[in-house]
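Notes follow the structure.
The values are calculated or read from the model by the stated rules, or taken from the named source; none is laboratory data. Note that the structure is predicted; figures quoted are calculated from it, not measured. Heads up, the Cβs are rebuilt from the backbone with ideal geometry, glycines too, and the neighbour counts pull from every protein chain shown.
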Amino acid sequence: GAPDYFTDPYWKHDFNRPLPLAPDILATLFPDAPEAGAHRWLANVLRRKFDPLAMHNICGLAFWAMDYWRNEAGCKPPDRIVRRDASINGLRGRFGAFSWAATAGVCRDTFVGAMVADAFEDAAVLQAAGVEVAFAKPVRTDPNHPYYGRRAGRGAFVSGHNYFQRTLLDRAQGVLGVVAPLFVHEIAWNELLPDCGWRTRQLWWLSGARLVGMLAVEALPGAAAARAVSVYFRLGGSTPAVRERRGIHTCGRLNLRIINHSFAKAELAPGYEFFLDARPTSTELVLSSPARKPAGARYMALVEVFPAGRRPADIRPLPDAAHLGFTVRSAGRSILAVLNDRPHPVKINGSLAVPPGELVLRRI
């Protein structure tokens, strides 16, 4: 009974609220979709817990949505499954209270998210795993627009159009690889600003036990001068409180571990505030560095996200830092995940040849 909003475009993460309006509309408009029964079931759960008139009396959306209500029970989403979801251009996984999604959509500040939740009231959520390049000079005229919090206007943090992306599904696990230019985004209905010459390369392995992600931020030739580069992990849900113990950051029943990184410092900071919130509803673990000279600058972080009660895995990046890949060893099983976004084949560990443009998942 807990919807996710990390698969939405960036400006909708906080604008959406746990209300039955959207699931009801989706279930009625698309009754033959594989998710239609789950949408109706979720709408019924949310209707019992939340007032659909709350907040939305501003726009009258609850009255507009009444035509899409149906007296149907729906059905719970399938459990212990990884599947493709065309609506987010990506993958979804659900394993009891632990669920995640990986999206290759455009205008994203995060390509993945995860939660541990039996109900909305006890949800612990990885709301975003994003990157930001803050520029030396202002890049927009309205840096304090209330809708888009403290990050908007400070730098490039949104993926643009026409970028490289691959997804791979193998039984109860999935892999997402993306290479995306970073853009400053004006207000939601405006055009993307010109390419700033910075990009993010990311590889995520997702299973019923954990998520492992490698995030790189790189400057291409001619990139705009930057004053700082960061990777941030936004944690929230029922509580924004995050505690750290022995290198593991815990929010509710969700753990996050930074395995290694190339940034100068790591710190916890309040997440940005939505304009209707009285106080921050999330906490961000921010890895940041003053920007080096743009040409060839590269920053990297390797992270693990897993439910409370599970032990961390043995996770190691590939020896060649230029390769986007890692190995994961846990419970007697080992995998290798690699993304080759180069125009020529690359050899991994001296033996595995990865063709150009390929995403590889191997048991080792």
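Observations on the model:
- Taking strands (runs of 3 or more DSSP E) as the structural unit, those lying wholly within region 257-333 and holding at least 1 residues that are more than 23 Å from ASP109 (Cβ to Cβ) and in contact (Cβ under 8 Å) with a residue 60 or more places away in the chain correspond to 298-307, 314-317, 324-330.
- Scanning region 237-252 for residues that are modelled with pLDDT of 90 or more and within 17 Å of TYR5 (Cβ to Cβ) turns up CYS251, GLY252.
- Subset tally (residues that are modelled with pLDDT of 95 or more and within 21 Å of GLN165 (Cα to Cα)) for region 318-337: 6
- Selection from region 62-87 of residues that are within 21 Å of ASP4 (Cβ to Cβ) and assigned to a helix (DSSP H, G or I): ALA65, TYR68, ALA86, SER87
- Within region 126-137, residues that are more than 14 Å from ALA156 (Cα to Cα) sit with their Cβ atoms under 6 Å from residues that are among the β-branched types (Val, Ile, Thr) and at pLDDT 90 or above, at 6+ positions apart or across chains, in these pairs: LEU126/VAL305; ALA128/THR110; ALA129/THR110; ALA129/VAL112.
- Hey, SER289 polar (S, T, N, Q), surrounded by fewer than 19 Cβ atoms within 10 Å (Cβ to Cβ) and more than 23 Å from ASP170 (Cβ to Cβ) or not: yes
- Residues that are at pLDDT 75 or above, over 20 Å from SER282 (Cα atoms) and not in a strand (DSSP E or B), drawn from region 132-183: TYR163, ARG171, ALA172
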